[in-house]
Amino acid sequence: MREIIIDCDPGQDDAVALLLALAYPETFEIIGITAVAGNVPLSLTERNARIICDLAKREDTRVFAGCAQPMKRALCTAEAVHGKTGIDGIEIFEPETPLEEAHAVDFIIEALLAAPAHSVTLVPTGPLTNIATAIEREPGVLEHVDEIVLMGGAMREGGNFSPSAEFNILVDPHAADIVFRCGRPITAMGLDVTHQVLSTRERVAAIRALKNPVADAVAGMLSFFHRHDAAKYGSEGAPLHDPCTIAYLLQPELFAGRQCNVSVETESELTIGHTAVDFWHVTDRPINTNWIYQVDAHGFYSLLNESLARYSESAA
Ligand code: RIB
Ligand code: CA
């Protein structure tokens, strides 16, 4: 059993990552889901995380609201991609899953300090504000972190929110800099790999064919989510960015990575949020990241469909 904290900004792809993780209670003990401002403001990301817990019939999951603003920069959001609700494509309702009283950063600190050494996996799929704030406030939490498996950054793919920066890193580059320098093992799923798992029409049809409420919700979200990327890249289907993190924890053999240094630009207005990935080790910067550059897309979608089919059994 792997203890995990998922820090997210739902977002349709965050929502699919949550549903993927929630489908394997025998593999993941989700000690908490922490919401951060990103794709949409915090009031929506925390509500959306709770809606997904309701959809998964896991109303017992602990959901916390975290930072409403990046550490130093003003918040920029992505309604153009995710819609006004952040999870356009499904019906919005007031969830049963309660919002915990504690601030997400206080929860992260308390939960990590109470955990054995190197026992908790952090899975950030949004801007890294909550994680970095916890590290800065209480550096002692790091010895309780086993590894960090995050979605963020880009190398060959270039930026998706500026010419040179990926959204999660660009929104809070100062937080990302703290995380990439923290010294714990990091596996990073950047755009180079997430753009290999496009939710094509056929793949969405296969999800819809599973015929259960959760699969229907995923198909609805992906049908909305893809339109922005289709218009922007001319691609068929939206990249399933965030679920790559959970898929990696479930089946790491689907992915190929390379240990290298990843450093974050935090000064230049032109390239702020850029992840400088030293893939060919041309500098003496310390290795800090397993940079994932390849995925078996067929295997990824087989895993996703298997996870969503599990909701048929639980719905039965
Ligand atoms: O750039 C893609 C990332 O930004 C994903 O995590 C998506 O949900 C948005 O947060
Ligand atoms: Ca996200």
Q) For Ile30, all conditions in the list (1) more than 14 Å from ligand 2 (Cβ to nearest atom); (2) open to solvent by 40 Å² or more (accessible area, probe 1.4 Å); (3) closer than 21 Å to Ile131 by Cα hold save one; what is the number of the exception? A) (2)
Q: Pull up segment 144-156, narrow it to residues that are away from ligand 2 (no atom under 16 Å from the Cβ) and not in a strand (DSSP E or B), then point me to the one that is nearest to Asp7 (Cα to Cα).
A: His144
Q.
Which numbered condition in (1) closer than 21 Å to Asn212 by Cα; (2) touching a residue at least 12 places away in the same chain (Cβ under 8 Å); (3) charged (D, E, K, R) is the only one that Glu91 fails?
A. (2)
Q: For residues that are under 26 Å from Pro139 (Cα atoms), open to solvent by less than 10 Å² (accessible area, probe 1.4 Å) and aliphatic (A, V, I, L, M), tally how many sit in segment 164-176.
A: 4
Q: Check segment 274-294 and report whether any residue there is assigned to a helix (DSSP H, G or I) and in contact (Cβ under 8 Å) with a residue 40 or more places away in the chain.
A: no
Q) What number of residues in segment 12-27 are more than 15 Å from Leu150 (Cα to Cα) and within 8 Å of ligand 1 (Cβ to nearest atom)? A) 1
**Q.** Subset of segment 107-126 [over 20 Å from the mean Cα position of the chain (by Cα) and under 24 Å from Asp172 (Cα atoms)]
**A.** Glu110
Q: Quick one: count up the residues across segment 177-200 that are in contact with a Pro (Cβ under 8 Å, 6 or more places away or on another chain) and open to solvent by less than 10 Å² (accessible area, probe 1.4 Å).
A: 5
Q) Of everything in segment 220-235 that's under 14 Å from His195 (Cα atoms) and away from ligand 1 (no atom under 15 Å from the Cβ), which residue is least open to solvent (accessible area, probe 1.4 Å)? A) Ala230
Q. Out of all the residues in segment 269-290, is one or more more than 23 Å from Pro163 (Cβ to Cβ), away from ligand 2 (no atom under 16 Å from the Cβ), modelled with pLDDT of 95 or more and surrounded by 19 or more Cβ atoms within 10 Å (Cβ to Cβ)?
A. yes
Q. In this structure, is Ala238 within 16 Å of ligand 1 (Cβ to nearest atom), crowded, with 22+ Cβ neighbours inside 10 Å, modelled with pLDDT under 95 and of a type in the set (A, V, I, L, M, F, W, C)?
A. yes
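Could you grab me the full set of residues in segment 125-143 that are outside any helix (DSSP H, G or I) and surrounded by fewer than 24 Cβ atoms within 10 Å (Cβ to Cβ)?
Listed by number, the list holds a single entry, Glu138.
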Q) Could you count how many residues in segment 144-156 are surrounded by fewer than 18 Cβ atoms within 10 Å (Cβ to Cβ) and either within 15 Å of ligand 1 (Cβ to nearest atom) or under 25 Å from Val81 (Cα atoms) (or both)? A) 1
Q. Within segment 232-269, which residues are in a loop (DSSP other than H, G, I, E, B), over 18 Å from the mean Cα position of the chain (by Cα) and farther than 26 Å from His82 by Cβ?
A. Glu267, Ser268
Q: Just give me the residues in segment 241-267 being of a type in the set (S, T, N, Q), more than 16 Å from ligand 1 (Cβ to nearest atom) and open to solvent by less than 40 Å² (accessible area, probe 1.4 Å), in sequence order.
A: Asn261, Ser263, Thr266
Q. Can you find even one residue in segment 209-219 that is surrounded by fewer than 22 Cβ atoms within 10 Å (Cβ to Cβ), at pLDDT 95 or above and either closer than 30 Å to Asp177 by Cα or among the charged types (D, E, K, R) (or both)?
A. yes
Q. Can you name every residue in segment 166-193 that is assigned to a helix (DSSP H, G or I), in contact with a Gly (Cβ under 8 Å, 6 or more places away or on another chain) and not small (Gly, Ala, Ser)?
A. Phe167, Asn168, Ile169, Leu170, Val171, Pro173, Leu191
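The values are calculated or read from the model by the stated rules, or taken from the named source; none is laboratory data. Note that the coordinates shown come from a computational prediction; the quantities given were computed from them, not determined experimentally. Using ideal geometry, Cβ is built from the backbone for each residue, glycine included, and neighbour counts are taken over all protein chains shown. Just so you know, the surface numbers come from the protein's heavy atoms only, side chains and all, with ligands and any DNA or RNA stripped out. Shrake-Rupley method; radii C 1.70, N 1.55, O 1.52, S 1.80 Å.
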